[in-house]
Each structure stands twice: as C-alpha cells, then as structure tokens.
Amino acid sequence: MPIRYVSPLNRLVDVLMRLPGVGAKTAQRLAFYLLKASREEAMKLAEAIVEIKEKIRVCGRCYNIAEEEQCTICQDPTRDGSVLCVVEEANDLMAIERTGTFKGRYHVLQGSLSPIEGRGPDQITAKGMLERLRSEGVKEVILATNPNMEGEATALYVARLIGPLGVRVTRIAHGLPVGGDLEYADEVTLGRALEGRREFI
C-alpha cells in the first residue's frame, strides 16, 4: 500500500502525477522539493502557472500560443506568407523555430486524428487552415506532423483536403538522427531515410 502523507502534500503529489511523464516517484520528489523551497520560490512558481492561464490565449490566425489577438510570428512582416508549415501542437512549432531555418508561417492543428481516442476532423483546426489557404496566397504547405500512426493519418487527411486547391503539398523527411549508427536504426526509420534522400553533390 502506498505511503500517504499529510493532506496538502498528498494533494500536491496527486496533482503533479497528472502532468505528462511524471510518475509517482517523480511527483513525490518534486513535492518534497517544493516543500523545502522558500515561500518566495514556491510563490513564483504558483504565480507563473496562474499567469499563463490568465494571459496566454490561442492566436486567432494560426492557433499558436499568443498574448495578443495574433502571435508574434503572425505579426512579423518579414515572414514568408507563401509557405505554410502545418504542425500538430505549439511545442512542435517551437522545435522548428529553434532550428532557425524556416522563415515561413505556421498553422497549428491543435492535435492529431486518433479515432481510438475520439479525436476526429472536428477536433483539429483544418477548416481554419483551408480558409487561410484560400485567402493568404499560400503556394506551399509543409506537413510537419509527427512520424507516428496518428501523425501520418493526419498528414494524409490534410493533404487530401488541400489537393483540390492546387497548392503544393510537401512532407518533412523522416530519417536517421545525426550521430546515429545505421545498424541500430529500425526498418521504418531507415526506409524513410532512403525515401527522403536528396542530392549530395
């Protein structure tokens, strides 16, 4: 039987366990860290959580996270509006931004298709994306959904929606990580690396 602590600590452990990737041991460790932390440090964390819930909203154009009606990327006039990168979640957008290589705009689907989990076309923002394609002069859509079953199904669905509009649709290449060894790669990853090959010289 698991150890139960005093009620406030139990409640904190239970709440922390609801976070993705946080199991019972990690939740307990975090709870005890916060218990030992100064009141000021704990209050900073609490205030930061309250602040994101009160001030962060969804961009009315691309569905990224924003503080204003539109996110900073949508407000940036230097971004290339002819190329739209479609991602599942805002954290995927952040990952691409960290590369510093993409200078176009984004569309965040707010999830992926997963019939098993009850997520269908109405749970993603594909309709908003189509409206943008019709009104913003987009010439290419890059599908950057995750390389898993849900991501592949979502990419296929979105590509079929875009097809009649005559906009070029591309898919990010999936392959081997830099520094990886071929012998340790699974067949699917290696196959995609071959399919996504490009000119070398």
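The values are calculated or read from the model by the stated rules, or taken from the named source; none is laboratory data. What you see is a predicted model; the values in this text were computed from it and never measured. Just the protein is used for accessible areas: all its heavy atoms, side chains included, with ligands, DNA and RNA removed. Shrake-Rupley method; radii C 1.70, N 1.55, O 1.52, S 1.80 Å.
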Gaussian network model of the chain, Cα within-10 Å springs - most flexible of 88, 152, 183
183
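Could you please put 197, 29 in sequence from largest to smallest accessible area, using a 1.4 Å probe?
197, 29
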Candidates 54, 41, 69: whichever shows maximal mean-square fluctuation once the chain is modelled as a Gaussian network with Cα springs under 10 Å:
41
How many percent of DSSP beta bridges within the chain run antiparallel, rounded to 5?
20
Report the residue, chosen from 83, 178, 108, that carries the largest GNM mean-square fluctuation when the chain is represented by alpha-carbon nodes joined by springs under 10 Å.
178
Using alpha-carbon pairs under 8 Å, 6+ residues apart, how would you state the relative contact order of the stretch 123-199 in percent?
26
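Ignoring ligands, DNA and RNA, how do 44, 53 rank by accessible area with a 1.4 Å probe, largest first? Walk me through the numbers on the way to the answer.
Details: 44 125, 53 160 Å².
Ranked from most to least accessible, the order is 53, 44.
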Under 19 Å between alpha carbons, and skipping anything fewer than 8 positions from residue 103 in its own chain: which lysines qualify?
139
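Counting only Cα atoms, I'd like the Rg/Rh figure for the chain, Kirkwood definition for Rh.
Radius of gyration relative to Kirkwood radius: 1.05.
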Quick one: of the DSSP bridges fully inside the stretch 75-178, what percent are antiparallel, nearest 5?
5
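Could you state, as a whole-number percent, how many of the C-alpha pairs of the stretch 1-96 are farther apart than 17 Å?
In whole percent, the share of Cα-Cα pairs in the stretch 1-96 beyond 17 Å is 66.
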Considering lysine pairs in the stretch 1-88 that are 8 or more places apart or on different chains, how many have Cα atoms under 25 Å apart?
5
Which whole-number percent is the relative contact order of the stretch 40-87 (Cα, under 8 Å, 6+ apart)?
19
Taking a cut-off of 18 Å, what percent of all Cα-Cα pairs in the stretch 117-201 are separated by more than that?
54
How much of the accessible area of the stretch 136-180, probe 1.4 Å, is carbon plus sulfur, in whole percent?
59
For the chain, what is the accessible area per residue in Å², given a 1.4 Å probe and the full set of protein chains?
70
